[in-house]
Amino acid sequence: MKAFLLSVLLLVCTAPLLAQELTVAAAADLRPALDEINAKFKAESGIELHISYGSSGNFFQQLQNGAPFDVFLSANVDYPKKLAQAGLVASGTYYEFARGSIVLIVPYDSKIDLTEGLHALLTPAVKKIAIANPSHAPYGQAAVAAIKSMGIYDWVAPHLVMGENISEAASFVLSGAADVGIVAKSLALAPAAAKRAKFVDIAAKNYPPLLQAMVVMKSAKDQSAAARFETFMRSEDTKKILQQFGFDLP
């Protein structure tokens with residue numbers, strides 16, 4: 001019996017500790033900032049974030065249907081609020097952490113005159129204009145609102161090409177598949193775009209605010225780890241990273 005107990009004790013003591021993990025559904029505009037936030041959070045907490053990037057609307061539908069994400073970071077506030085109203089969110093975890101913005105972006109060698117702002121979309125050389133799909137992507141909705149605010153939507157609409165999310169829309173421009181795009185400023189500031197594209201800001205008055213919000217799901221497997229991540233998202237380190245990638249603080 002003593003030998004058996006000793007062997008069990010040795011097995012327990014030598015077994016590797018299970019690392020804490022969180023599955024995160026995040027809007028695609030957050031990738032450049034959240035990759036850095038993830039690295040800092042892991043170094044501080046030892047908690048591993050498994051992040052999936054995509055459109056907020058698609059994640060909303062998945063979470064409504066029981067997708068196994070612990071945390072949701074949305075490019076707008078509507079989807080997290082609806083999840084909370086449906087009773088799917090852990091109490092007190094709703095947090096508005098940033099405000100996004102959109103820019104007009106072109107390949108670095110483009111001859112399109114960005115000083116014209118959105119009116120540059122009427123340039124005859126512009127054949128394809130990349131935006132995120134407005135049916136489920138907040139940044140696509142913002143792009144359409146901005147175009148309509150200038151009174152040029154009917155001329156521009158035939159040239160729109162839709163990315164499944166804002167990251168895909170940006171990739172259309174960076175790859176040359178689109179002449180110009182309306183994308184998240186955070187993606188235009190990302191290292192991958194810095195040497196391959198140039199951009200100009202679109203006035204915030206021309207589209208609804210892109211407030212970003214997060215929630216912890218009630219179904220999260222490790223509520224303590226999720227709470228720790230939420231606290232980290234409120235930290236000064238996180239705020240500095242978000243500002244570095246063009247986000248404003250709400």
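Tabulated results
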| read-out | value |
| --- | --- |
| Within segment 101-206: Cβ-based charge dipole about Cα centre, in debye rounded to nearest 20 (Lys, Arg +1; Asp, Glu -1) | 140 |
| Cα-based helix-to-principal-axis angle, 31-45 vs the chain, degrees rounded to 10 | 20 |
| Set of lysines near LYS127 by C-alpha distance (under 28 Å), chain-local residues within fewer than 8 positions excluded | LYS111, LYS148, LYS185, LYS195, LYS198, LYS205 |
| For the chain, share of DSSP beta bridges that run antiparallel, in % to the nearest 5 | 55 |
| Beta bridges per DSSP with both ends in segment 101-206, % antiparallel, nearest 5 | 60 |
| Between 0 and 90°, nearest 10: helix 166-175 axis offset from the chain longest Cα axis | 60 |
| Zone of HIS159's modelled label, taken as backbone nitrogen in segment 192-214 under 16 Å from a point 7 Å along Cα→Cβ | 200 |
| Karplus (6.51, -1.76, 1.60) ³J(HN,Hα), θ = phi - 60°, over segment 143-152, in Hz, Gly and Pro reported as x | 4, 4, 4, 5, 5, 5, 5, 8, x, 10 |
| Linear extension gain, GLU21 paired with VAL200, 0.36 nm per residue minus alpha-carbon span | 60.6 nm |
| Tilt relative to the chain, helix 2-14 - C-alpha long axis, 0 to 90 degrees, to 10 | 20 |
| Simple Cβ-charge dipole of the chain, Lys/Arg +1 and Asp/Glu -1, about Cα centre, in debye nearest 20 | 140 |
| Cα-Cα pairs of segment 101-206 separated by more than 25 Å (percent) | 6 |
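The numbers here are math on the coordinates, done by the rules we state, and not lab data. In this text, all values refer to a predicted model and were calculated from it rather than measured experimentally. All Cβ positions, glycine included, derive from the backbone under ideal geometry; neighbour counts span all protein chains shown.
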